[in-house]
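Below is one structure; the comments refer to it alone.
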Amino acid sequence: MPHTAAASPAPAASPAPAAQRASAARPASAAAAPPRAIRAVGVVGAGLMASQLATLFAQQLRVPVTMSDLSAERVEAARAGIRARLDRAEAKGRLASGEAAEIAALISGTTDPADFAGCDAVIEAVFEELEVKRAVFASAEAAIAPDGLLLTNTSSLSVEAMAEGLAHPERVVGFHFFNPVAVLPLLELVRTPVASAKAMAAAAGLAAALGKTAVPVADAPGFVVNRLLTRLFAEVLAEIEAAAAAGGDPLAVDRALAPWGLPMTPLTLIDYIGTAVQQHICATMHSSYPDRFPLSPWLAAAAESGVRRLLADDGALVPEASALLERVAAARSGAAPEPVDGTRVLERVRAALAEEVGLTLAEGVVDSAEDIDQCMVLGANYPAGGLTPLLATPAR
Ligand SMILES: NC(=O)c1ccc[n+]([C@@H]2O[C@H](COP(=O)([O-])OP(=O)(O)OC[C@H]3O[C@@H](n4cnc5c(N)ncnc54)[C@H](O)[C@@H]3O)[C@@H](O)[C@H]2O)c1
């Protein structure tokens with residue numbers, strides 16, 4: 001039955017904030033005026049995430065969703081993909097008879113941001129580039145009411161920087177979902193220093209209406225999950241490049257974290273995210289923390305060459321990725337031949353993540369290690385208990 005998302009309490013209850021930065025991450029109590037009800041939604045982008053977001057909003061809220069992209073072809077392809085996935089869900093009995101058509105009919109397409117007029121919230125899921133997102137928000141702001149929500153699905157960029165120059169930056173909120181959206185329950189709810197209590201309350205209510213667990217986080221690079229995953233990737237990719245230069249097996253490095261029982265290997269996860277998106281996240285983290293987040297020449301080359309996947313279905317490197325790795329290895333002269341020591345790789349990753357968890361807490365991105373573990377379980381499908389128990393014991 002159709003319903004709207006009105007205010008409800010922030011779903012992630014947690015201890016009172018201790019650090020000043022952490023209190024910036026926590027939604028303040030709702031302002032006197034009730035948050036805006038969500039009766040229509042705009043989604044900017046029709047790519048991997050935007051298609052899933054349009055489906056989630058239409059399915060959970062049963063409100064009209066307007067989806068835009070740069071070309072009508074892209075929008076129509078996305079709508080066709082959404083319809084096909086809904087039909088499959090109905091065929092498998094996960095939707096009632098007729099529900100697929102009902103949900104799909106709520107999602108319309110456009111290339112004109114003026115068509116967001118009347119939307120109570122617009123979420124952007126376009127390329128991970130600050131200037132592109134700023135331009136998208138400027139045109140969405142021109143179309144919607146002054147207190148309509150502007151939400152961003154950015155993985156790593158500054159939400160505050162994205163809101164700069166807008167007439168009403170106080171209604172911009174980070175609303176970071178995880179892929180696959182239908183499966184992973186986490187939503188990192190990012191509060192900027194200028195966000196209004198009313199906007200945060202509306203965003204928290206919307207998250208709850210969408211069935212997500214919102215963990216409030218500060219507006220810091222990569223928030224929680226991508227900060228930690230990107231640190232992990234930085235260590236593993238450096239080891240892979242060193243192994244390739246020393247004639248070792250790069251895939252043995254990729255398998256080195258197996259004792260932790262993670263849902264997939266690092267390269268499998270990079271493929272899931274997409275090399276281009278992950279490279280953008282790496283670049284953001286590198287520009288904020290260059291020493292701890294060195295860029296991987298191999299990942300950069302793969303993203304630049306349009307090599308979206310590093311691994312083939314049989315688990316081997318795809319030929320293009322293999323050739324790029326050989327080129328990167330050849331540029332590192334003088335490496336002595338050495339087999340991969342998986343225990344040493346695991347210990348390197350463990351020590352790096354222990355450091356990053358400590359810094360994330362010291363910066364007040366979240367209130368507690370429990371918040372970090374909750375994020376890694378709900379957003380990255382880590383084993384029960386999360387990340388920090390894995391870091392407690394050195395690997396040798
Ligand atoms: N890929 C993931 O696993 C993942 C997970 C969480 C968050 N994100 C974030 O979601 C966002 C989108 O990522 P994606 O993987 O869906 O990317 P994608 O490349 O699949 O889709 C991006 C879409 O945005 C469109 N676009 C670009 N500029 C536009 C504009 N000005 N107006 C309208 N449409 C425009 C592109 O044509 C493309 O269809 C990024 O910010 C990314 O960091 C991605």
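Some points to look at:
- Any hit, the range 283-291, residues being assigned to a helix (DSSP H, G or I), surrounded by fewer than 18 Cβ atoms within 10 Å (Cβ to Cβ), among the β-branched types (V, I, T) and within 16 Å of the ligand (Cβ to nearest atom): no
- Selection status of R134, within 20 Å of V44 (Cα to Cα) and of a type in the set (D, E, K, R): yes
- Counting only residues that are among the hydrophobic types (A, V, I, L, M, F, W, C), assigned to a loop (DSSP other than H, G, I, E, B) and either assigned by TED's automatic domain parsing to the domain that holds M49 or in contact with a Lys or Arg (Cβ under 8 Å, 6 or more places away or on another chain) (or both), the range 292-301 holds 1 of them.
- Flag for G247 being at pLDDT below 95 and outside any strand (DSSP E or B): yes
- Those residues of the range 29-47 which are part of a loop (DSSP other than H, G, I, E, B) and either closer than 21 Å to F137 by Cβ or at pLDDT 60 or above (or both), in sequence order: P34, P35, R36, A37, R39, A40, G45, A46, G47
- Picking from residues in the range 213-266 that are of a type in the set (S, T, Y) and in contact (Cβ under 8 Å) with a residue 24 or more places away in the chain, the one that is surrounded by the most Cβ atoms within 10 Å (Cβ to Cβ) is T230.
- Close pairs from the range 39-65: first in the same structural domain as E76 (by TED's automatic domain parsing) and hydroxyl-bearing (S, T, Y), partner part of a loop (DSSP other than H, G, I, E, B) and surrounded by 24 or more Cβ atoms within 10 Å (Cβ to Cβ), Cβ under 9 Å, at least 6 apart: S51/G45; S51/A125
The rows are residues; the columns are (1) away from the ligand (no atom under 11 Å from the Cβ); (2) over 19 Å from V41 (Cα atoms); (3) crowded, with 16+ Cβ neighbours inside 10 Å.
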{"site": "Q59", "(1), (2), (3)": "yes, no, yes"}
{"site": "M67", "(1), (2), (3)": "no, no, yes"}
{"site": "A84", "(1), (2), (3)": "yes, yes, no"}
{"site": "R88", "(1), (2), (3)": "yes, yes, no"}
{"site": "D115", "(1), (2), (3)": "yes, no, yes"}
{"site": "A121", "(1), (2), (3)": "yes, no, yes"}
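- Check on F178, closer than 18 Å to Q278 by Cβ and not assigned by TED's automatic domain parsing to the domain that holds A283: yes
- Scanning the range 168-206 for residues that are among the aliphatic types (A, V, I, L, M) and within 22 Å of A89 (Cβ to Cβ) yields V181, A182, V183, L184, L186, L187.
- Tally, over the range 124-158, of residues that are within 10 Å of the ligand (Cβ to nearest atom), in contact (Cβ under 8 Å) with a residue 40 or more places away in the chain and of a type in the set (A, V, I, L, M): 5
- Residue that is over 25 Å from A125 (Cβ atoms), touching a strand residue (DSSP E or B) at 6+ places or on another chain (Cβ under 9 Å) and assigned by TED's automatic domain parsing to the domain that holds E355, where the choices are V328, V253, V318: V318
- When each of E170, E188 is tested for being more than 23 Å from A78 (Cβ to Cβ), near the ligand (Cβ under 10 Å from one of its atoms), at pLDDT 95 or above and not aromatic (F, W, Y), the lone residue that passes is E188.
- Among all residues of the range 236-245, there is none that is within 14 Å of the ligand (Cβ to nearest atom), under 22 Å from R309 (Cβ atoms) and aliphatic (A, V, I, L, M).
- Of all the listed residues (R348, R396), the sole one being in contact with an Asp or Glu (Cβ under 6 Å, 6 or more places away or on another chain), surrounded by 15 or more Cβ atoms within 10 Å (Cβ to Cβ) and in contact (Cβ under 8 Å) with a residue 24 or more places away in the chain is R348.
The values are calculated or read from the model by the stated rules, or taken from the named source; none is laboratory data. Worth saying up front: this structure is predicted, and the values here are computed from it rather than measured. With ideal geometry, Cβ positions are generated from the backbone for all residues, glycine too; neighbour counts draw on all protein chains shown.
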